[in-house]
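A.B. asks: The structure follows.
The values are calculated or read from the model by the stated rules, or taken from the named source; none is laboratory data. Values in this document were obtained by computation on a predicted structure and should not be read as measured data. Don't worry about glycine lacking a Cβ; one is built from the backbone with ideal geometry, like all the others, and counts go over all protein chains shown. For accessibility, only protein heavy atoms count, side chains too; no ligands or nucleic acids. Shrake-Rupley method; radii C 1.70, N 1.55, O 1.52, S 1.80 Å.
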There are 2 protein chains.
Amino acid sequence: MVTPEGEPVLRGTPYRADCPTRRILDRIGDRWTVLIVGALWDGPARFSELGRRIEGVSQKMLTQTLRGLERDGIVRRTVYPEVPVRVEYTLTEAGRTLREPLRALEEWSIAHLGDVSASQEAYDRGSASS
Amino acid sequence: MVTPEGEPVLRGTPYRADCPTRRILDRIGDRWTVLIVGALWDGPARFSELGRRIEGVSQKMLTQTLRGLERDGIVRRTVYPEVPVRVEYTLTEAGRTLREPLRALEEWSIAHLGDVSASQEAYDRGSASS
DNA sequence: CAGCATCCTACATGATACTG
DNA sequence: CAGTATCATGTAGGATGCTG
C-alpha cells in the first residue's frame, strides 16, 4: 500500500518519542525500577528491607520510585497501623506480568554481554590509534 | 548452600545496579536508542534520513547515540567516500536480535497501557482529595 | 519505622554556530 | 552531507536533617 505520493504508508509514521513503549521505558529505564521489581519478585517486603536488599539506593529514590510504581499499578502499598507503623510493598498482578519482558531483556543482555564488551574494546582500540 | 556467616547465598547477592541487564537498560533506556533501532529495522539509512525519520531528535543526540550503538556493536557505520560523503547506518546481526526483547516490551506496553493510565488517574484522584 | 523537605551537584539533552 | 565544538539548562539523583 502506497500513498498518492508513492511513499509507503509505513514511512508516514515517523518514529515518535511518545509511543507506549517509551512510556514504559521511562519507567523501567530509570536506575531503580527494575531492581525493585526484582527484589519484590521473591515476595512482599517492607520499606527498610527493600533498602537493604537493593544495593546503593537512597531513601529518597526508594520512596520516589515506589510511589511511581504504585501510581502505575505495578506495586501495591499496604500500611499496617501498628506501633511503629509497618508498610509492606507487593507486586500487583500487572507487576508480575512485567517479568516476562524483563526476562527477555535479561536473557539478551547475558547472551550478548560478551559481544558488546568485545565490540567496545575493539572500538576503543581503533579510536585510540592516534 | 550457605555462607560461613549462615546467610543463604541468594541473599548474598543483593540487587546490584551493575548487572548486565542494567547495562543494556542504560542503553535502551535513553531517549533515542529504541527509536533508532526501530528506524533502522526497515533497512539501512543515511544520517540525515534517520534525522528525518525520527521525530524531534537533535543532530547532536543522533550522532551521540549512533556512536554509542556503533561502539556496542548494535549498529554498523559505513562511509562511502563520494562527494559529498555518504554515510550509511545498518543494524548488525546483534542489533537485529535486539528486536525480540524490544518487542516483548512493546507488547507489554500496549497490553497494559490502559491499566497503567487508569491506575494513574485513580491514584491522582485519591491524592487530590484534600 | 517510614517517610518528607530542602539543598546541591552532575550529567543528559538541547540550541546554536562552525567545518572537512 | 555529516558531522564537531561550545554553551545553556532541566532534572535525576544524592546528602542531610526533621517528623508522625
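A.B. asks: Restrict the check to region B:96-115 and report whether at least one residue is surrounded by fewer than 14 Cβ atoms within 10 Å (Cβ to Cβ) and at positive phi.
C.D. replies: The answer is no, given that none of the residues of region B:96-115 is surrounded by fewer than 14 Cβ atoms within 10 Å (Cβ to Cβ) and at positive phi.
A.B. asks: May I pose another question? Tally time: how many residues in region B:49-65 are open to solvent by less than 50 Å² (accessible area, probe 1.4 Å), more than 7 Å from DNA strand C (Cβ to nearest atom) and not polar (S, T, N, Q)?
C.D. replies: Counting residues in region B:49-65 that are open to solvent by less than 50 Å² (accessible area, probe 1.4 Å), more than 7 Å from DNA strand C (Cβ to nearest atom) and not polar (S, T, N, Q) gives 6.
A.B. asks: While we're looking at this one, here's another question. If A:Gly51 passes every condition in (1) within 11 Å of chain B (Cβ to nearest Cβ); (2) within 12 Å of DNA strand D (Cβ to nearest atom); (3) not in a helix (DSSP H, G or I) but one, which one does it miss?
C.D. replies: Going through the list (1) within 11 Å of chain B (Cβ to nearest Cβ); (2) within 12 Å of DNA strand D (Cβ to nearest atom); (3) not in a helix (DSSP H, G or I), A:Gly51 breaks only (3).
A.B. asks: Could you please let me know if A:Glu88 is within 15 Å of DNA strand D (Cβ to nearest atom) and in a loop (DSSP other than H, G, I, E, B)?
C.D. replies: Judged against the criteria, A:Glu88 is not a match.
A.B. asks: Given the criterion touching a residue at least 40 places away in the same chain (Cβ under 8 Å) and not small (Gly, Ala, Ser), identify the matching residue among B:Arg99, B:Arg31, B:Arg52. Talk me through it step by step, then tell me what you get.
C.D. replies: Details: B:Arg31 fails: touching a residue at least 40 places away in the same chain (Cβ under 8 Å); B:Arg52 fails: touching a residue at least 40 places away in the same chain (Cβ under 8 Å).
Selected residue: B:Arg99, the only one of B:Arg99, B:Arg31, B:Arg52 that is touching a residue at least 40 places away in the same chain (Cβ under 8 Å) and not small (Gly, Ala, Ser).
A.B. asks: So which of B:Gly73, B:Gly68 ends up being in contact (Cβ under 8 Å) with a residue 24 or more places away in the chain, more than 22 Å from A:Cys19 (Cα to Cα) and open to solvent by 10 Å² or more (accessible area, probe 1.4 Å)?
C.D. replies: Exactly one residue qualifies, and that residue is B:Gly68.
A.B. asks: Consider B:Gly68 carefully, then state whether it is in a helix (DSSP H, G or I), more than 16 Å from DNA strand C (Cβ to nearest atom) and under 30 Å from A:Leu62 (Cα atoms). Give the steps one after another, and end with the answer.
C.D. replies: Values: in a helix (DSSP H, G or I): yes; more than 16 Å from DNA strand C (Cβ to nearest atom): no; under 30 Å from A:Leu62 (Cα atoms): yes.
Answer is no for this residue.
A.B. asks: Oh, and also: When the residues of region A:55-74 are filtered to those that are of a type in the set (Val, Ile, Thr) and within 14 Å of the chain's Cα centre (by Cα), which remaining residue is farthest from the other protein chains (Cβ to nearest Cβ)?
C.D. replies: The qualifying residue farthest from the other protein chains (Cβ to nearest Cβ) is A:Thr65.
A.B. asks: Something else now. Hey, can you tell me all the residues within region A:98-114 that are more than 7 Å from chain B (Cβ to nearest Cβ) and within 13 Å of the chain's Cα centre (by Cα)?
C.D. replies: Residues satisfying the conditions are A:Arg99, A:Leu102, A:Arg103.
A.B. asks: Hey, another quick one. Going through region A:77-89 one residue at a time, which ones are among the β-branched types (Val, Ile, Thr) and open to solvent by less than 30 Å² (accessible area, probe 1.4 Å)? Steps first, answer last, please.
C.D. replies: Pass one, region A:77-89, residues among the β-branched types (Val, Ile, Thr): A:78-79, A:83, A:85, A:87.
Residue satisfying the conditions is A:Val87 alone.
For every residue, the table says whether it meets (1) facing another protein chain (nearest Cβ under 10 Å); (2) open to solvent by 80 Å² or more (accessible area, probe 1.4 Å); (3) touching a Pro at 6+ places or on another chain (Cβ under 7 Å); (4) within 14 Å of DNA strand C (Cβ to nearest atom).
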site	(1), (2), (3), (4)
A:Arg23	yes, yes, no, no
A:Arg31	yes, yes, no, yes
A:Ile36	yes, no, no, yes
A:Ala39	yes, no, no, yes
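A.B. asks: Can you tell me which residues in region A:75-97 are within 13 Å of chain B (Cβ to nearest Cβ) and touching a strand residue (DSSP E or B) at 6+ places or on another chain (Cβ under 8 Å)?
C.D. replies: Here is the first cut: in region A:75-97, the residues within 13 Å of chain B (Cβ to nearest Cβ) are A:75-77, A:92-97.
Answer for region A:75-97, where residues must be within 13 Å of chain B (Cβ to nearest Cβ) and touching a strand residue (DSSP E or B) at 6+ places or on another chain (Cβ under 8 Å): A:Val75, A:Arg76, A:Arg77, A:Thr92, A:Gly95.
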